[in-house]
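J.: Mind looking over this structure? Questions follow.
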Amino acid sequence: MKKNIINLFLSLFSVVVISSCSGGGGFNMFSDSEDIKLGHDVSSEMLKNQAEYPIFRGDPSIKTYIDQRIFQQILTSSKIAKRNVYDYKLELIADNNTLNAFALPGGNVYVYTGLLKYLDSEAALAGVLGHEIAHAEKRHATQRMTKYYGVQFLVGMVLGSQPSKVAEVASNLFVGLAFLANSRADEDEADRYSIDYLKDTRFYPGSVKFFFEEMRDDGTVSSKSSKVATFLSTHPDPVNRIAKANERLQSAGIAIKDWKSNDANLFKNEYAANIKNKLP
């Protein structure tokens, strides 16, 4: 028993030190490899539940285009620390009634076709994808899981007395306990890093705010429609985030543009031709 207590203390100490020194935003009981495993487990569960998460089976060139031209370019940013650690993958969900996207631990990013049909530029989509990549990079989901389960869960994991908890974690991630309910701090950090990532790409860096601006201008941001219900319940204060993004752009000396701009680095024509107009 004494040996187990000592080992437990050392394990806890190691996790705290690694988490604190990695810039991950606080205590996290999960390692990068465990983030990857959880993400894979949840993805497998999603494939079994095609009624709720139907994988897009339409024109394959749409996903290929988004992946190669936008997603992979963001991942080349020098500010993405885990691009060679996480198994970053893009998937599309065939649901035209949902304006949303989310990231699983370990790098799987999902985008609903409803969001693709709503946006009007590659830059706007790049802003969303950069935001979701930041959630994975900063390990927001497993940090929240750590806070939710607490030390008792950690003790069980370290001592090996609660192996069923691994399955419970994957199950709770699947139903949205961890990866949907982002805190205001998580959302703000993801917005900030989206801007930083896009500085290294051909896309306008501030495009993370374009989605919110479009919602604001067409009145959707205050709507109770089913299309935005999930998004608004999991992404707080979209209008305030526009102002925060503009402050960051101004501080960085970047011109403030909005979603209605027709500048070349928004790539509106390309988006329409290769993505939006190809969706059923």
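J.: Specify the residue that is surrounded by the fewest Cβ atoms within 10 Å (Cβ to Cβ); the eligible residues are those in the range 240-256 that are farther than 15 Å from Ser194 by Cβ and out of contact with any Leu (no Cβ under 9 Å at 6 or more places or on another chain).
T.: Result: Gly253.
J.: Let me ask something else. Examine the range 1-23 for a residue that is at pLDDT 50 or above and either in contact with a Gly (Cβ under 9 Å, 6 or more places away or on another chain) or not in a helix (DSSP H, G or I) (or both), and state whether such a residue exists.
T.: No, every residue in the range 1-23 fails to be at pLDDT 50 or above and either in contact with a Gly (Cβ under 9 Å, 6 or more places away or on another chain) or not in a helix (DSSP H, G or I) (or both).
J.: Check Ala94, Ala123 and return the single one that is in contact with a Pro (Cβ under 7 Å, 6 or more places away or on another chain), within 20 Å of Ala272 (Cα to Cα) and of a type in the set (A, V, I, L, M).
T.: Exactly one residue qualifies, and that residue is Ala94.
J.: Picking from Glu137, Glu189, which residue would you name as being under 30 Å from Lys268 (Cα atoms) and either modelled with pLDDT under 80 or surrounded by fewer than 22 Cβ atoms within 10 Å (Cβ to Cβ) (or both)?
T.: None of the others qualify; the one that does is Glu189.
J.: While we're looking at this one, here's another question. I want to confirm something. Restricting to the range 207-219 and keeping residues that are surrounded by 19 or more Cβ atoms within 10 Å (Cβ to Cβ) and not charged (D, E, K, R), which single residue is modelled with the lowest pLDDT?
T.: Met215
J.: Right, something else. Say whether the condition of being over 16 Å from Gly130 (Cα atoms), modelled with pLDDT of 85 or more and part of a loop (DSSP other than H, G, I, E, B) is met by at least one residue in the range 61-78.
T.: Checked the range 61-78: no residue is over 16 Å from Gly130 (Cα atoms), modelled with pLDDT of 85 or more and part of a loop (DSSP other than H, G, I, E, B).
J.: A further question follows. Any residue that is β-branched (Val, Ile, Thr), at pLDDT 95 or above and assigned to a strand (DSSP E or B) - is there at least one of those in the range 113-126?
T.: no
The values are calculated or read from the model by the stated rules, or taken from the named source; none is laboratory data. On a predicted model such as this, the values are computed, not experimentally measured, just so you know. So basically every Cβ, Gly included, is an ideal-geometry build from the backbone, and we count neighbours across all protein chains shown.
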